[in-house]
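Novice: Please read through the structure below; I'll follow up with questions.
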Amino acid sequence: MRLVIVHHGDAVGSEIDPQRPLSERGRLDVERLAADAAARGVKPAVIWHSGKLRAKQTAEAFWRACNPFAEFSATRDLQPDDSPQWMRDRLRSESRDILLAGHYPHLPRLLTLLLNHAAPFPQNGVVALVSEDEGETFSEEWRRDPRADPTRA
């Protein structure tokens, strides 16, 4: 099982738009990250997002680039202040490849829980994990930080 965890792209401030959609920078970064994930063979069967507009827009970019036939839906347990244990419990016994699009501080806490050690999460970035035992334990496969991309203008 491969689990790809994505922090939503850069969003506009609430003073500009209370729904906080992706900024132009965020949209470009997300499209670049999604294309890179597809080139790495990411093809999730399921894409879950928090339901917030910026996470949905991020998930949609990965859906288009990686697998437009994937199950795509908003789901519980991905809100910024949700307990990471809730999502970890849902991932146990899961054999499908899954992509999650969510928020800080939830995603860094989830990553630490899944890896069983403190692990920094790249802001607006992606971390791919693999599990050989149906979601009981995970190891990091790769990560991308859009701020470290030399092609970023």
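The values are calculated or read from the model by the stated rules, or taken from the named source; none is laboratory data. None of these values were measured; they are calculated from a predicted model. Neighbour counts are summed over all protein chains in view; Cβ atoms, including those assigned to glycine, are modelled from backbone coordinates with ideal geometry. Each accessible area value is taken on the protein alone, full model and side chains, heavy atoms only, with ligands, DNA and RNA left out. Shrake-Rupley method; radii C 1.70, N 1.55, O 1.52, S 1.80 Å.
Novice: Looking at this structure, is D77 surrounded by 14 or more Cβ atoms within 10 Å (Cβ to Cβ) and on the phi > 0 side of the Ramachandran plot? Please lay out each step first, then the result.
Specialist: On the way: surrounded by 14 or more Cβ atoms within 10 Å (Cβ to Cβ): yes; on the phi > 0 side of the Ramachandran plot: yes.
Considered against the rule, which asks whether it is surrounded by 14 or more Cβ atoms within 10 Å (Cβ to Cβ) and on the phi > 0 side of the Ramachandran plot, D77 comes out as yes.
Novice: Do you know which of the residues in segment 136-153 that are surrounded by fewer than 12 Cβ atoms within 10 Å (Cβ to Cβ) and among the hydroxyl-bearing types (S, T, Y) is farthest from M1 (Cα to Cα)?
Specialist: Ranking the candidates gives T151 first.
Novice: Can you find a residue that is among the small types (G, A, S) and at pLDDT 95 or above anywhere in segment 83-93?
Specialist: Step one: list which residues in segment 83-93 are among the small types (G, A, S), which gives 83, 93.
If we keep only those that are at pLDDT 95 or above too, we end up with 83.
Within segment 83-93, one or more residues are among the small types (G, A, S) and at pLDDT 95 or above.
Novice: While we're on this one: Only residues that are open to solvent by less than 30 Å² (accessible area, probe 1.4 Å) and of a type in the set (G, A, S): list them for segment 56-74, please.
Specialist: Taking segment 56-74 as the starting set, the residues that turn out to be open to solvent by less than 30 Å² (accessible area, probe 1.4 Å) are 58-59, 61-62, 66-67, 70.
Within segment 56-74, A59, A61, A70 qualify.
Novice: Could you list, in sequence order, all residues of segment 97-135 that are more than 15 Å from the chain's Cα centre (by Cα) and either surrounded by fewer than 14 Cβ atoms within 10 Å (Cβ to Cβ) or of a type in the set (F, W, Y) (or both)?
Specialist: Scanning segment 97-135 gives N116, H117, A118, E132, D133, E134.
Novice: Count, please, the residues in segment 32-53 that happen to be open to solvent by 50 Å² or more (accessible area, probe 1.4 Å) and farther than 14 Å from N67 by Cα.
Specialist: Of the residues in that region, 3 qualify.
Novice: While we're on this one: Suppose we filter segment 1-31 for residues that are surrounded by fewer than 16 Cβ atoms within 10 Å (Cβ to Cβ) and assigned to a strand (DSSP E or B); how many remain?
Specialist: Going through segment 1-31 one residue at a time, the tally reaches 0.
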